[in-house]
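The values are calculated or read from the model by the stated rules, or taken from the named source; none is laboratory data. Since the structure is predicted, the reported quantities are computational estimates derived from the model, not experimental observations. Here Cβ is always computed from backbone atoms with ideal geometry, including for glycine, and neighbour counts include all displayed protein chains. We work out accessible area using only protein heavy atoms, side chains counted, and drop any ligands, DNA or RNA first. Shrake-Rupley method; radii C 1.70, N 1.55, O 1.52, S 1.80 Å.
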Amino acid sequence: MLNIVLFGPPGAGKGTQSAKLVEKYGLVHISTGDVFRALDPQSDLAKLAKGYSDKGDLVPDDVTIKILESEVSKHPNAKGVIYDGFPRTTAQAEALDRFLLNKGTSVTMMLSLVVEEDELKQRLLSRAEVSGRKDDADVNIIQNRIENYNKDTAPVATFYKAQSKLTEIAGVGSIDEIFDNLCSSINQLQD
Ligand code: AMP
């Protein structure tokens with residue numbers, strides 16, 4: 001089973017590239033951010049998640065890990081999964097390792113999209129016009145998301161690097177160029 005962690009800061013292009021990878025490789029796409037946004041807005045869980053996400057803070061690990069596990073369990077016959085926006089903390093990465101080990105599988109690789117900070121901010125502000133997301137529209141919230149990424153999420157790359165599973169890919173250039181580079185890394189692994 002192919003378990004690909006697609007990693008990178010907010011605005012790196014994880015969602016865009018996930019959609020293309022899903023189509024090419026027939027994988028299941030799991031984005032914890034999408035799952036939180038799709039919850040019934042009246043539910044306690046949705047309200048709790050929104051309390052964090054509207055400020056650009058991370059939803060607590062225990063809640064997020066449960067959501068991820070329940071989402072993966074919906075696809076028992078998946079030939080592979082793209083994890084987009086998860087894990088975002090080392091505790092989440094450890095939980096994912098344990099969870100997959102229990103299923104007799106493991107993270108195959110982390111593909112990390114590298115984009116510099118000014119470019120991320122521009123992209124998120126432009127995306128706000130179409131996404132309608134409050135957390136994309138406000139420079140202070142964007143700044144907070146990037147700071148949280150640097151503080152809590154960037155160490156997750158070190159976690160996978162220690163397992164020799166990290167590949168960094170430049171997240172700039174055309175969507176197709178970036179996609180080709182992602183595919184090359186995946187194909188090398190399958191050769
Ligand atoms: P995203 O759609 O990936 O940008 O996520 C939107 C928001 O959902 C984030 O800013 C967090 O508040 C929350 N979120 C999504 N995934 C996670 C995660 N793995 N851990 C904690 N919070 C998350």
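Alpha-carbon geometry of the stretch 7-71: the Rg and the Dmax are 13.0, 36 Å, given in that order.
Taking amide H atoms as placed 1.01 Å from N in the peptide plane, the amide H of Gly80 lies under 5 Å from those of Leu2, Val28, each 5 or more residues away in sequence or on another chain. Ordering of 133-146, 76-89, 3-16, 40-53 by packing is 3-16, 76-89, 133-146, 40-53, highest average first (other Cβ atoms within 10 Å, averaged per residue). When you restrict to C-alpha pairs under 8 Å that are six or more residues apart and normalise by the size of the stretch 1-113, the relative contact order lands at 52 percent. Per residue of the chain, the DSSP helices (runs of n ≥ 4 H) give a summed -39500 (n - 2.57) that works out to -17000 deg cm²/dmol at 222 nm. Converting phi to 3J(HN,Hα) with the Karplus coefficients 6.51, -1.76 and 1.60 and the offset θ = phi - 60°, the stretch 172-186 yields 10, x, 6, 4, 5, 4, 4, 4, 4, 5, 4, 4, 4, 5, 5 Hz in sequence order, with x at every glycine or proline. For the chain, averaging the sequence separation of C-alpha pairs within contact (under 8 Å, six or more residues apart) and dividing by the residue count gives a relative contact order of 33 percent. Think of a 1.4 Å ball rolled over the protein heavy atoms: the chain then has 51 Å² of accessible area per residue. Here the spin labels are modelled as points 7 Å beyond Cα on the Cα-Cβ line, and at Ser43 and Glu177 they lie 4.1 nm apart. Quick one: pull the percent of accessible area on the chain belonging to carbon and sulfur, 1.4 Å probe, ligands and nucleic acids left out. Exposed carbon and sulfur together represent 50 percent of the surface. Taking 0.36 nm per residue of separation and subtracting the current Cα-Cα distance, fully stretching the chain between Val28 and Phe99 would add 23.9 nm.
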